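Structure first, then comments.
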Amino acid sequence: MELFNKAKLIEESDKGRYVEATDILKPGDSLFSENSFASIPLENFLYKKDYCFNCCKYQISTEQQTSEQPKSTPGFPFQCKYGCNMWFCSNECADGMVHQLECSFISKFVELSLKHDCDASISLLALRVVMKNKVASEVFEQTVGKLTNQKSIFIQNNKSFLDKYSKLFDQVYLIVKSENSELSSIFNKEEYLEVVCSIFVNSFAGLSNNFNRTPISNGYFYKAALLNHSCEPNTFFSIQNSTLEMRVVKDINKGEQIFDSYVDLLLPTIERQKILLKSKNFVCDCSRCTDITENSRFVSSIHCIFCKDETNYISPKVKYDDKTKILKQVWSCSKLTCQFNKKNNNKNNQEFLNILSDVAKFYDFINNDLLFKEEKKEEGEEQIQPMVEPILNRLVEYETNILSKLHENHHCWLLYHLRLSKLFERFSAVFNSFDYLSQSIQHYKEIARIVECVIKSPSSEIIDSYYHLARVNEKYLLSLINQRNNHIKQLEKQKQRDTTIDIDSLNKDIKNLLKFINTTYKKAYEMALICYGNFKPKTLLLNALVEKSNFSSSN
Ligand SMILES: [Zn+2]
Ligand SMILES: [Zn+2]
Ligand SMILES: [Zn+2]
Ligand SMILES: [Zn+2]
């Protein structure tokens, strides 16, 4: 059985397991496509219609309907009749052997997961894997079964995590045994915990198709788990329902190793390493992680406080202490002879320490301030009005006192633009304000710039940022067209030329903007062709948007 197109799995005692290209690979090539051994919607989608409990297929839209979204068949989705109350897309999904086996245990696992602070999605996926192993043990042994050797390493870094699932299992087992002692024989604690660890390390998250990358499902895949991680990956994966496709995004030579990424590549090295260590049990040593500027990305870099030269930055090298198991950052200026690099200078420099503590304060503000919480939307929007001025003043303060000291690609800047783009877009809707809309556009523009600088190769992050940039500009375009039409009406009424209104220049603005929108959608579409291929929902939607904006720009 060939696992990959133009690549092979190699297992060596010294280098471990890795996947290598056996031929030249080009961006857009499909490395493989595989169905998960088992998939499940994430915790917040359980008991909801949105995604099928078995195959994770998207079923209805809670947002506005568009022609690209799949129509649901009458009578579907429906809720399980046998007591678990989960939602299914089809009879095949609801009546399969695996669900027959798991159905009566589901509510117990969900209830006790909550009680023991376990993730219900993981505990249910592990249950499903164990059950599927009963009916398809051969498939299990030939695929994901080969991945279950994580527990011993896992215990070192995540003992408390495993303890919770261990207690959860004990309780479920007790209840099942008291209700039906025969059924309890199909449960084996060792097996269950092995699977939990393996899922935690090897499962892949499926994302929504709405250009916001909302995680929606968890899938347990085999081939995808065979690829090693790099923060400079040469592949990109996407999951549709319960099928994962891995596609090439960079030129790969014959004999070169193939990598994918297990983490959010927009995060700075220290954050990526923390996540990899906690969830995957390793410290990454790729070229991005070992370079203090992250290969010229500068996502953690600070303007040097000693160098007068604007181009010198203080950046961190992330180091892992094997004994204490702690990750730390050691800072230095890119100019070797800089004062800052003199022995111990950086550790004691008060100005520098203040910047670091300001950055920490900023993270706290941007991640936790109620201003940026989505729930805020549901409250009366009119309450925002008196808040706007103080909010804006506060933001300006952050910009001048903290952000101005950081590199323009710094992760803080990205978070700032992400929050403010949405905030100003909301303001523009509430106050019907042209000015807020154009401010929002500036932030979307910066997001696209930073995301492209940081990710570098085709990815959903870049596609999504182009999509949103084009989308808000479309809103702006509508306002411009309205403005023009109003002016024309005015002129007709007055029957005379008002020299302060320049229709020609408005028309020119409209034309240029249309062109920009079309080009931006096109960039997103071309990247979607590489990342997802031709017939995926996002590619189809972007294609339609390119067509639409192209039609109007020729008019
Ligand atoms: Zn289904
Ligand atoms: Zn059921
Ligand atoms: Zn790395
Ligand atoms: Zn310096």
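From the list Leu227, Leu277, Leu265, Leu183, which one is of a type outside the set (Phe, Trp, Tyr), open to solvent by 50 Å² or more (accessible area, probe 1.4 Å) and more than 16 Å from ligand 4 (Cβ to nearest atom)?
So the residue among Leu227, Leu277, Leu265, Leu183 that is of a type outside the set (Phe, Trp, Tyr), open to solvent by 50 Å² or more (accessible area, probe 1.4 Å) and more than 16 Å from ligand 4 (Cβ to nearest atom) is Leu183.
Mind listing whichever residues of the range 295-310 are within 31 Å of the chain's Cα centre (by Cα) and assigned to a loop (DSSP other than H, G, I, E, B)?
Scanning the range 295-310 gives Asn295, Ser296, Arg297, Phe298, Val299, Ser300, Ser301.
For a quick check of your reading of the model, give me the residue pairs whose first member lies in the range 474-495 and is farther than 14 Å from Ser549 by Cα, whose second is modelled with pLDDT under 85 and part of a helix (DSSP H, G or I), with beta-carbon atoms closer than 7 Å and at least 6 apart or on different chains.
Arg484/Ile503; His487/Ile503; Ile488/Ile503
If you go through the range 241-260, how many residues are crowded, with 19+ Cβ neighbours inside 10 Å and in a strand (DSSP E or B)?
8
Determine, yes or no, whether Asn473 is of a type in the set (S, T, N, Q), surrounded by fewer than 19 Cβ atoms within 10 Å (Cβ to Cβ) and either farther than 26 Å from Asp309 by Cβ or touching a strand residue (DSSP E or B) at 6+ places or on another chain (Cβ under 6 Å) (or both).
No: the conditions fail for Asn473.
For the list (1) closer than 20 Å to Asn218 by Cβ; (2) part of a helix (DSSP H, G or I); (3) within 16 Å of ligand 2 (Cβ to nearest atom); (4) open to solvent by 10 Å² or more (accessible area, probe 1.4 Å), I need the number of the one condition that Asn85 fails.
Going through (1) closer than 20 Å to Asn218 by Cβ; (2) part of a helix (DSSP H, G or I); (3) within 16 Å of ligand 2 (Cβ to nearest atom); (4) open to solvent by 10 Å² or more (accessible area, probe 1.4 Å) one by one, Asn85 breaks only (2).
So, restricting to helices (runs of 4 or more DSSP H) that lie completely within the range 384-474, which ones have at least 3 residues that are within 25 Å of Met527 (Cβ to Cβ) and in contact with a His (Cβ under 6 Å, 6 or more places away or on another chain)?
Filter on the range 384-474 gives 411-430, 434-455.
Can you find a residue that is part of a helix (DSSP H, G or I), touching a strand residue (DSSP E or B) at 6+ places or on another chain (Cβ under 8 Å), surrounded by fewer than 21 Cβ atoms within 10 Å (Cβ to Cβ) and basic (Lys, Arg) anywhere in the range 163-172?
no
For the range 1-57, which residues satisfy the criterion of being in contact (Cβ under 8 Å) with a residue 12 or more places away in the chain, among the aliphatic types (A, V, I, L, M) and not in a strand (DSSP E or B)?
Residues satisfying the conditions are Leu3, Ile24, Leu42, Leu46.
Against the condition more than 14 Å from ligand 3 (Cβ to nearest atom), more than 18 Å from Glu408 (Cβ to Cβ), acidic (Asp, Glu) and open to solvent by 30 Å² or more (accessible area, probe 1.4 Å), how does Asp309 come out, does it pass?
no
Which residue is surrounded by the fewest Cβ atoms within 10 Å (Cβ to Cβ), if the candidates are limited to the range 186-208 and must be of a type in the set (D, E, K, R) and in contact (Cβ under 8 Å) with a residue 40 or more places away in the chain?
Looking at the filtered set, the residue picked out is Glu191.
Quick grid of which residues meet (1) at pLDDT below 95; (2) surrounded by 12 or more Cβ atoms within 10 Å (Cβ to Cβ); (3) assigned by TED's automatic domain parsing to the domain that holds Ser90:
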{"position": "Ile10", "(1), (2), (3)": "yes, yes, no"}
{"position": "Lys15", "(1), (2), (3)": "yes, no, no"}
{"position": "Thr22", "(1), (2), (3)": "no, yes, no"}
{"position": "Gly28", "(1), (2), (3)": "no, yes, no"}
{"position": "Thr62", "(1), (2), (3)": "yes, no, yes"}
{"position": "Thr66", "(1), (2), (3)": "yes, no, yes"}
{"position": "Thr73", "(1), (2), (3)": "yes, no, yes"}
{"position": "Phe76", "(1), (2), (3)": "yes, yes, yes"}
{"position": "Gln79", "(1), (2), (3)": "yes, yes, yes"}
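The values are calculated or read from the model by the stated rules, or taken from the named source; none is laboratory data. Note that the coordinates shown come from a computational prediction; the quantities given were computed from them, not determined experimentally. Every residue, glycine among them, receives a Cβ derived from its backbone with ideal geometry; neighbour counts consider all protein chains shown. Note: areas computed on protein heavy atoms with side chains; ligands, DNA, RNA excluded. Shrake-Rupley method; radii C 1.70, N 1.55, O 1.52, S 1.80 Å.
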